[in-house]
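Peer 1: Here it is: the structure, laid out below.
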Amino acid sequence: MDSLTHIAIGACIGEAFFEKRIGKKAMAWGILSQSIPDIDFLATLWLPPADNLLAHRGFTHSILFALVVITLFALLADKVHKPHNISFKKWILFFSIEVFVHLFIDSYNNYGIGLLEPFSHERYSLNAIYVADPFFSIWPGIACIALLALGRNSNKRKLWWKFGLFIPLLYLGYCSINKIIIDKEVNRLISKQHVPASKYFTTPAPLQNWLWFVVAGNDNGYYVAYRSVFDKGDSIRFQYFPKNDSLLNPLADSRELQQLKQFSKGFYTTEQWGDSLVFNDLRFGQVIGWVDPREKFAFHYFLQHPSANKLVVQRGRFAKWNWSVVKSLFNRGIGY
């Protein structure tokens, strides 16, 4: 999830946990501890792009890192606020909730988290919410602003932290239900249409949770499509993209290529664009694929031009957006 959402949720949890006991300092501790797993953004200052892809949401989103920073934050807060009547156990519980809520939310989108790093490099992801979903983020954002504006002793503060936490929680539950619905339908239709698929995944299209991006295939290539939770049709119109693994033979020993394959979990294709060999990670969808089913994939990595690989996860994500694209996203989302 985006950093502003973590900041707002952290502030709301801080207020919920301590309310009037340490004033708005609780919100500050909440913001700091909720944001600390994203300290891995500093790796972009020295790591090459492929390494950074694996570093992001890697060790700093692991259980081991969480246990270390929870203990350190609890010791620091306990010292800073002396004298006080807050037990050390309560500090531990507070920072545990903050950090693990961060990991829980991030596990809901398709980038995934390295929960067991450094002992396992497996990324865990539920693929149930888009990384920046305004229907999730707006509520804690509004609540955070209200809490900052209200006085420390205002009776309305409890109402606002509840508003900022419970509505997003309900929305996550709703997204989980949509995920179950989509996966059930996609499984059924893949079988019915005899799509040659040994594996598949579904993930929300940008900025909402009703239209979903579907990828199904095998080592030869992948079929991609979009499916709404409100679609009534009894088939999915897939577009086929060959994997083109043979194009990668000259780079078979490349460490960079092995990192990209690991990161993509095998959901990739390769294309030749002029003199450039391009690696597509299909998990991040297409630029505006619900408008043009042959559109480029948002994540495309230039294997022979590493200096051109900045912001590869969302490369050109909104470059072609206009009012017509927004309307088409809305219409497909509601099943038209």
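Peer 1: List, please: which pairs have Cβ atoms under 7 Å, are six or more places apart or on different chains, and start with a residue in segment 171-186 that is free of Cβ contacts under 8 Å to residues at least 24 places away in the same chain and end with one that is crowded, with 19+ Cβ neighbours inside 10 Å?
Peer 2: Listed by first residue and then by second, the contacts come to 183/202.
Peer 1: Return the pair list, or none, for Cβ contacts closer than 7 Å from residues in segment 64-77 that are within 18 Å of residue 117 (Cβ to Cβ) to residues that are among the polar types (S, T, N, Q), at least 6 apart or on different chains.
Peer 2: So the pair list comes out as 70/96.
Peer 1: Additional query: Taking the options 273, 212, name whichever one is under 22 Å from residue 318 (Cα atoms), of a type in the set (A, V, I, L, M, F, W, C) and touching a helix residue (DSSP H, G or I) at 6+ places or on another chain (Cβ under 7 Å).
Peer 2: Every option except 212 fails the conditions.
Peer 1: Could you count how many residues in segment 181-200 are loosely packed, with under 14 Cβ neighbours inside 10 Å and either touching a Ser or Thr at 6+ places or on another chain (Cβ under 9 Å) or among the hydroxyl-bearing types (Ser, Thr, Tyr) (or both)?
Peer 2: 3
Peer 1: Could you list all residues from segment 302-329 that are modelled with pLDDT of 85 or more and under 21 Å from residue 239 (Cα atoms)?
Peer 2: 320, 325, 328, 329
The values are calculated or read from the model by the stated rules, or taken from the named source; none is laboratory data. Note that the coordinates shown come from a computational prediction; the quantities given were computed from them, not determined experimentally. Positions of Cβ are generated from backbone atoms using ideal geometry, with glycine treated the same way; all protein chains shown enter the neighbour counts.
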